[in-house]
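*Asks:* Sharing a structure here in structure tokens format.
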């Protein structure tokens, strides 16, 4: 057996360490990320040092325009969703609430065996409103231009600050629906969709009145109105009568010359911003005024921003819009997701 002198071994170790040291120092910072700006240091530090469950799970997104699948870590996906779904200049606590809703949705989707609304392939979600709108980093750079660095830093902070958290009801992930602006109240789920969820109840949302999307007006020729709704106006004085209101004070049902239509049917057929509407006949046109923007079920985004502006944190926001929910850890559920893949 050949014996090696201790002196030679020590010399060899020192040479190896000397050669490897520059590499070890460079590796953690060689990810080609843009250099930090003033005010970003604390955000970047939390991103680098926080060991999150989100980063260990991958999401396969079907990019509708390109007709291909983009696979990326869950945390990066959530950043792209929050950036696409809520304005970055909203309050940070509102962005956290949006991140929590987005994570809850995708975790539930990843656990679901049935991929509803998906084209053929191995994708988990699309990048459209069918699931959640998503934009990748390059798309956000083009969209935001000079504002990219501060906007992406703020949204990254919102995602990281809520890492590993989802919304549950009786131990299961909820369906965290959200929309832009309410008419002052949110809607019971069964008043807009067929399913009733105990956590999707009508609640007051007075902050929405400050939203730029709170009111809208649409002018439509009578002939187009009649054609789209499949009705015939009886006379110039009788355009229709609201015969039912929902818990969220939207139109439940309208009777037009003997035909009864739901508020949602009218909203869909006339392409209105909301199902809280009123109209008047002026000459050969019908002038339709709406309050709110979106279906009205779940969390109002402008309402969430209003609550945040008054000092409410993201936990208070989500528990206002999703009644009776808990904020739970994702660890066990994400383990199931990883096991499936």
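*Asks:* Can you name every residue in segment 186-198 that is buried (at least 22 other Cβ atoms within 10 Å of the Cβ) and out of contact with any helix residue (DSSP H, G or I) (no Cβ under 9 Å at 6 or more places or on another chain)?
*Replies:* Passing the criteria: 187, 189.
*Asks:* List the number of the failed condition for residue 196; all other conditions in (1) outside any loop (DSSP other than H, G, I, E, B); (2) closer than 23 Å to residue 323 by Cβ; (3) free of Cβ contacts under 8 Å to residues at least 24 places away in the same chain hold.
*Replies:* Among (1) outside any loop (DSSP other than H, G, I, E, B); (2) closer than 23 Å to residue 323 by Cβ; (3) free of Cβ contacts under 8 Å to residues at least 24 places away in the same chain, residue 196 violates only (1).
*Asks:* From the list 253, 259, exactly one residue is surrounded by fewer than 22 Cβ atoms within 10 Å (Cβ to Cβ) and in contact (Cβ under 8 Å) with a residue 24 or more places away in the chain. Which is it?
*Replies:* On the way: 253 fails: in contact (Cβ under 8 Å) with a residue 24 or more places away in the chain.
Only one candidate qualifies: 259.
*Asks:* Then there is this: So which residues in segment 207-231 are without any contact (Cβ under 8 Å) to a residue 60 or more places away in the chain and either outside the structural domain of residue 266 (by TED's automatic domain parsing) or within 30 Å of residue 308 (Cα to Cα) (or both)?
*Replies:* Hits for segment 207-231 are 209, 212.
*Asks:* Looking at (1) surrounded by fewer than 20 Cβ atoms within 10 Å (Cβ to Cβ); (2) part of a helix (DSSP H, G or I); (3) on the phi < 0 side of the Ramachandran plot, which is the one condition that is false for residue 212?
*Replies:* Going through (1) surrounded by fewer than 20 Cβ atoms within 10 Å (Cβ to Cβ); (2) part of a helix (DSSP H, G or I); (3) on the phi < 0 side of the Ramachandran plot one by one, residue 212 breaks only (2).
*Asks:* Please specify each residue of segment 291-336 satisfying the condition of being surrounded by 18 or more Cβ atoms within 10 Å (Cβ to Cβ), at pLDDT below 95 and part of a helix (DSSP H, G or I).
*Replies:* If the condition is that a residue be surrounded by 18 or more Cβ atoms within 10 Å (Cβ to Cβ), at pLDDT below 95 and part of a helix (DSSP H, G or I), then 333, 334 are the ones that fit.
*Asks:* Please determine, by comparing only the residues of segment 215-236 that are over 16 Å from residue 276 (Cα atoms) and surrounded by 13 or more Cβ atoms within 10 Å (Cβ to Cβ), which one is modelled with the lowest pLDDT.
*Replies:* 233
*Asks:* Looking at 110, 74, 95, which is the one that is within 12 Å of the chain's Cα centre (by Cα), touching a residue at least 12 places away in the same chain (Cβ under 8 Å) and crowded, with 18+ Cβ neighbours inside 10 Å?
*Replies:* So the residue among 110, 74, 95 that is within 12 Å of the chain's Cα centre (by Cα), touching a residue at least 12 places away in the same chain (Cβ under 8 Å) and crowded, with 18+ Cβ neighbours inside 10 Å is 95.
The values are calculated or read from the model by the stated rules, or taken from the named source; none is laboratory data. For clarity, every value in this text was computed on a predicted model and none was experimentally measured. Reconstructed Cβ throughout: ideal geometry from the backbone, glycine too, with neighbour counts over all protein chains shown.
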